1. Please go through region 36-138 and write out the chymotrypsin sites (Phe, Trp or Tyr not before Pro) that DSSP classes as loop and that have at most 11 other C-beta atoms within 10 Å.
2. Would you mind ranking L14, L115 so that the residue whose beta carbon has the fewest other beta carbons within 10 Å leads the list?
3. List, in the order given, every pair from K37/K60; K6/K60; K15/K60 whose Cα-Cα distance in the structure shown is over 26 Å.
4. Could you work out the helix-only [θ] at 222 nm for the chain, with each DSSP H run of four or more residues adding -39,500 (n - 2.57) and the total divided by the number of residues, to the nearest 500 deg cm²/dmol?
5. Taking the Cα centre of the chain as origin, work out the dipole magnitude from +1 charges on Lys and Arg Cβ and -1 charges on Asp and Glu Cβ, in debye rounded to 20.
6. Using Cβ contacts closer than 10 Å as the measure, can you line up T109, T40 from fewest to most?
7. Can you run phi through the Karplus equation (6.51, -1.76, 1.60; θ = phi - 60°) for region 79-92 and list ³J(HN,Hα) in whole Hz, with x for Gly and Pro?
8. Per residue and in Å³, how big is the convex hull formed by the alpha-carbon atoms of region 27-88?
Amino acid sequence: MIEYDKLKRALILLKEQNDRLNSLFDVQQQWIIDAVKESTIQRFEICWDCLWKVLKRYLKEEIGLTDLPNGPKPIFRLANENNLLPSDIENWMKYNQARVDTSHDYSGTKAEDALAIMDDFIDDAIGLYQTMSGESWE
């Protein structure tokens, strides 16, 4: 049985922090915005890592695929081939690249790029969560 609790919790926390970030842009204190941006990126990284690992397990246990590759890109390609993704594979490759970029971005430029696609990622991740878990998102 696949446990979806960690993925759901990661998605909830990411969505909450992203919502906070979106509501902060009227605040004059830049340090608050910067801190929430950094936190949102960290939550994105955790959520992405949890998502592709749960997806890999889903492909194995629910779809019956064997000899699965290790890494998010091939896992998402297999998910696409099995019609699991709620949006185009190109979006998921963009999310994957954002995850890779945020791990190695010391200037903050790539983090801004990741934040620009965060709303789309959250919507797609929730859609994939619903497909895998069979649960509706509140």
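Computed from the coordinates by the stated procedures, all read-outs in this text should not be read as laboratory data. Note that this is a predicted model, so its numbers are computed, not measured. Note that we place each Cβ from the backbone using ideal geometry, even for glycine, and neighbour counts take in every protein chain shown.
1. Of the chymotrypsin sites (Phe, Trp or Tyr not before Pro), the ones in loops of region 36-138 whose Cβ has at most 11 other Cβ atoms within 10 Å are Y106.
2. L115, L14
3. Table pairs above 26 Å Cα-Cα are K37/K60; K15/K60.
4. -23500 deg cm²/dmol, from helical runs alone.
5. That gives a dipole near 420 debye.
6. Listed from fewest to most nearby Cβ atoms, that is T109, T40.
7. Each residue of region 79-92 in turn: 4, 5, 4, 9, 6, 9, 7, x, 9, 4, 4, 4, 4, 5 Hz.
8. Dividing the Cα hull volume of region 27-88 by its residues yields 103 Å³.
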